[in-house]
1. So, R0 is 22 Å and r is the distance between the beta-carbons of Val22 and Arg94; what FRET efficiency does that work out to, to 0.05?
2. What order, most packed first, do the peptides 219-225, 106-112 have when packing is the mean number of other Cβ atoms within 10 Å of each residue?
3. Add -39500 (n - 2.57) for each DSSP H run of 4 or more in the chain, then divide by its residues: what number comes out at 222 nm, to the nearest 500 deg cm²/dmol?
4. Can you tell me how much longer the chain between Phe254 and Ser209 gets when fully stretched, taken as 0.36 nm per residue apart minus their C-alpha distance, in nm with one decimal?
5. For the stretch 137-265, rounded, prolate or oblate, judged on the Cα gyration tensor with a ≥ b ≥ c (square roots of eigenvalues), a/c < 1.5 rounded, else prolate if a/b > b/c?
6. Given the stretch 142-242, what percent of its DSSP beta bridges are antiparallel, to the nearest 5?
7. Taking 0.36 nm per residue of separation and subtracting the Cα-Cα distance, what length does fully extending Ala194 through Asp110 add?
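Read-outs: derived from the displayed coordinates by stated rules, not from any lab. Values in this document were obtained by computation on a predicted structure and should not be read as measured data. Don't worry about glycine lacking a Cβ; one is built from the backbone with ideal geometry, like all the others, and counts go over all protein chains shown.
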Amino acid sequence: MGPEKITSDTVRSDFNDPVAVVHYARAAHFLGLWQSERRLIERFFPDRDAQILEGGCGAGRVTIGLWDLGFRHITAFDFAEELLDQARSLAKERGAHGIHFFHADATKLDEAMTNPGSAAVPATSVGVAGGTPALPATSSDPFPPRFHGALFMFNGLMQIPGRANRRAALQQLARVCRHGAPFLFTTHDRNVSARERQAWREEAERWASGTQDPRLVEFGDRYFEDPTGRTFMHLPDREEILADLAATGWERQFDMLRRDIAMESRAVVDFSDECRFWVARRV
Ligand SMILES: C[S@@+](CC[C@H](N)C(=O)[O-])C[C@H]1O[C@@H](n2cnc3c(N)ncnc32)[C@H](O)[C@@H]1O
C-alpha cells in the first residue's frame, strides 16, 4: 500500500500547524491587502453596505482589509480553527467588532448554515452585531441566498483536493449568494510561463507512467514543504476554471494575471507567487 492520498483533513491540519499560523497571522497583521486585491474589490464591490461573505479567511488578512475599506457587513469563515482564532483576535484588536466569523468547510457550507444554533447564523443579524436584520427565512427555504458578494482569496479554493470537491464549494457559495453577486477569487495558472508549461509537460509524463507523487489526487496538484509549512495546491488551466464556474451557477465576468493588474511591493511578491484573478457573477 502506498502513501495516503491528500484529503481535506491533511490540508486543514497543515493550516493549523503553528508554522503556517505564524506565517498567515504575520501577513494579516503587517501585509494587508495587495494592490491588485484592493483595485478589484473597489471595482467589483462598489457598495460598502453589501453583505459580503469571505471564504478561507485564514488569519483575517483580507477580512480586516475589507473592514478598513469601509465594509461593515462582513461574514467570514475558515475550516482551520487556529487561523480562525487569529482572525477573531485581530478583529478585536483592530476594533472590527462587527465582523461575523464562523467555522465551516467550504464544501459543506450548507451544514454550517442550516444547523440550528450554528455560529454561521447569528440569531438577529448577518455580519453586524446587533445591526442589519437577517434576511427573512421562508417556510419553503429556511436558508435563502443572502450575500451580495463573495470572496475566496489567495488561492484558498484551489487548496481543496479533488475537482468534485472544488465544484461542491463553488456550488455552495453560489447557493448563498444572490443573483448577480460578484465572486472574487484567485488561482494559479499552469500556462503562466514557458517554464511552467515545460514543467507541466514533464509532470504529465510522470502521470502517464504512474510515477507522480502518489499522494496527489489529480494532474495539476502539488504538495510541497517550505519554511512557511506544508502546502497542497491544485494548479488549473484557464479552461478548467471556466468549465467549473459554468457547472456551478457562476458566469465568468473577468480574469487577469496579477502582473497585468498592479505592480505589487517586494513584500507582497515575497509572500505570494503570480496568480490569476477571477470575478464571476452568480447566474
Ligand atoms: C492561502 S490561505 C489564505 C488565507 C487568507 N485568505 C489570506 O489571504 O491570507 C487559504 C485559506 O483557505 C482555507 N481553506 C482551504 N480549504 C478550505 C475549505 N475547504 N473550507 C474552508 N476554508 C478552507 C485555509 O484554511 C486557509 O486559511
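1. With R0 = 22 Å, the Cβ-Cβ based efficiency is 0.75.
2. On the way: 219-225: 15.3, 106-112: 18.6.
Ranking, from highest mean packing down: 106-112, 219-225.
3. Values: 10 runs with 102 residues, N = 283.
It comes out at -10500 deg cm²/dmol, rounded to the nearest 500.
4. Working it through step by step, the gained length comes to 12.5 nm.
5. Numbers: a/c = 2.17, a/b = 1.67, b/c = 1.30.
Prolate, since a/c reaches 1.5 and a/b exceeds b/c.
6. Details: 6 of 10 bridges.
Counting only bridges with both partners in the stretch 142-242, antiparallel ones make up about 60 percent.
7. On the way: separation 84, 0.36 × 84 = 30.24 nm, distance 4.08 nm.
Extra length from Ala194 to Asp110 when fully extended: 26.2 nm.
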